[in-house]
Amino acid sequence: MLTRKQLELLLFINERLKEEGVPPSFEEMKDALNLQSKSGVHRLIVALEERGFRKRMAHRSRELTMGVPIHAVYTPKWNSFRGQTNLELDLIDFLPDSEGKPSLASFQGRRVVVDDSLPTRAGTTDGTVYTTYLFGQGAFAKGVAPLSGTPLQGGIGTEGVELARVPLDSDTLLINRRRYILHPRGVKFTSASVAADSPTAAELETAANWVRVWENKNVRLVAITHNN
């Protein structure tokens, strides 16, 4: 999970690397993020390093390099409050849809998804803490789940391929079934607390049913908590 300042620093470093081939200095990062001291920059850099977004390079005066290709990330997903705030700040562009109407929201060239079911909580001092998610390309994978090969009771065939007969119509039906799945890459569903054969929506939201199997930097999902 990245904070808003961590993401701002990550994007700033990435842009400087793309433009000049070298990362910004601590002084430049401090000014860009409106921080009071370089120690604040150091804390942010350490946090990015711990999350795999930044690596050290030995014997370099400016040692920063990106541990993950940030240009391959992200599609932001936020609630309507965050979207309205960015709209008021003139940070949202609208792309034309198939009818030529400007209805597709874009933030820094990336498609925006608005979802008011995203989690919020009360701040420790005042206001509301919001959560914004960033999705990298290929964050989710689509696949086909295997179906049971056990013969059907009272029928002909299996769960995947079944024959059915309609005698009055003199018809024979061939039924092919597929079970498609959409799964976040880099994490595994363990079914640790699933009561029935298939998980409910609440069970899918239960953290105990998931375990990360990739390194943090390779999971193309990032959550950012922010106050506005």
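Using the Cβ atoms and a cut-off under 13 Å, what net charge is assigned to the surroundings of P146, where Lys and Arg are +1 and Asp and Glu are -1? Working shown, then result.
Values: positive: R177, R178, R179; negative: E159.
Spelling it out: positives minus negatives among the neighbours equals +2.
A Förster radius of 35 Å, combined with the Cβ-Cβ distance separating I156 from S117, puts the computed FRET efficiency at roughly 0.20. The alpha-carbon atoms of the range 121-174, seen along their principal axes, cover 72, 25, 22 angstrom, with the largest extent given first.
Which trypsin sites (Lys or Arg not before Pro) from the range 152-228 combine a DSSP loop assignment with at most 12 other Cβ atoms within 10 Å? Display every interim value, and only then the final one.
On the way: sites: R165, R177, R178, R179, R185, K188, R212, K217, R220; in loops: R177, R178, R185, R220.
Those satisfying the criteria are R177, R178.
With a threshold of 23 Å on the Cα-Cα distance, the over-threshold entries among K18/K142; K18/K101; K5/K142; K5/K30; K5/K38 are K18/K142; K18/K101; K5/K142.
Laboratory data are not the source of any read-out in this text; all were calculated from the coordinates shown. On a predicted model such as this, the values are computed, not experimentally measured, just so you know. FYI the Cβ positions are ideal-geometry reconstructions off the backbone, even for glycines, and counts take in every protein chain you see.
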